[in-house]
1. GNM, the chain, Cα, under 10 Å: largest mean-square fluctuation among Tyr140, Tyr28, Tyr63?
2. What is region 3-161's relative contact order, in percent, from Cα pairs under 8 angstrom and six or more apart in sequence?
3. Just report the Cα centroid separation between region 101-121 and region 22-65, whole Å.
4. If you build a Gaussian network model of the chain, linking Cα atoms that sit under 10 Å apart, which residue out of Val107, Val139, Val61 swings the most?
5. Assigning unit charges at the beta carbon (Lys, Arg +1; Asp, Glu -1) and nothing else, what dipole magnitude in debye, to the nearest 20, does the chain show about its Cα centre?
6. Near Thr51, within a Cβ-to-Cβ distance under 9 Å, what is the net charge of the other residues, with Lys and Arg +1 and Asp and Glu -1?
7. Can you sort Ser19, Ser2, Ser49 by how many other beta carbons sit within 10 Å, fewest first?
8. Taking θ as phi - 60°, what are the ³J(HN,Hα) couplings along region 64-75 by the Karplus curve (6.51, -1.76, 1.60), each to the nearest whole Hz, with x for Gly and Pro?
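Please treat every number below as a calculation from the coordinates, not as lab data. If you're wondering where the values come from, they're calculated on a predicted model, not measured in any experiment. For neighbour counting, all protein chains shown are included, and Cβ atoms are generated from backbone atoms with ideal geometry for every residue, glycine included.
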Amino acid sequence: MSFADKLRTWMPLHENGVSRAVHFVGAYLFTFALLVPLSWVRLPVPGVSLTAAHLLVLAVVLYAVTLEWTAGLLMALPLLPTLAAAEAVARLPTGTAVGVAVGVMVVRFALVVGAHVVFEKKTHGLSLGGPLLFFIEPVYLLTLVLFGMGLKRDLHARVTAGSPGAAAVR
C-alpha cells in the first residue's frame, strides 16, 4: 500500500484539529516512553556510547523518510529532544524511571483515545497500521501541513483522487 493510500485511509478518522495536535504530541510521548528503558540497553560498539534507544530513533527516522521525505525529516527534529529527555529520565533511579515511562504511556493513550472519542466521535483502534503508526503519525500530520502550504501537490492529488468521497484536506 502506497503512502497516498495510507494517508487517504487515515485522514477521515483524524479530521479535527485538536485531535490531530493530540496525535502529534502523542506520537512523541509514545516514543519517549519506549526510549527510557531502551536507553539502558548498551550496544557493544567500541569508542561509541550507543544504545537500543539510538537504534529505535534511527529506524523510525529512516522509515518516516521512506514514507514522505520532507515530512519524515521534519518529524525527525522533535525526536532529538525526545531522545535526550528519555536518556535523562533513564539516569534516574530505576523505579522512578519506570514510573515516569509508564505514566507517560498511560497519559498518552488516555489523551489520544480521549481525543478520538471527544473530538472525532469515532475511533479506529489499531486498524491503520498497528503500533508502528504510533511512531510515524507525525509524518501523516506534517504531510497535511505541507498540503495546506500548497506543497506536495502531486501527492495531494493522489490522496484526494484515490477513492470516491476521499476526505479533503482541511
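1. Result for the chain, Cα springs under 10 Å: Tyr63 fluctuates most.
2. Computed value for region 3-161: 39 percent relative contact order.
3. One Cα centre to the other: 21 Å.
4. Highest fluctuation among the options: Val107.
5. Working: 12 positive and 7 negative charges, 33 e Å.
Dipole magnitude for the chain comes out near 160 debye.
6. Local net charge: 0.
7. Listing Ser19, Ser2, Ser49 from fewest to most nearby Cβ atoms yields Ser49, Ser2, Ser19.
8. 4, 5, 6, 6, 7, 4, 5, 5, x, 5, 5, 5
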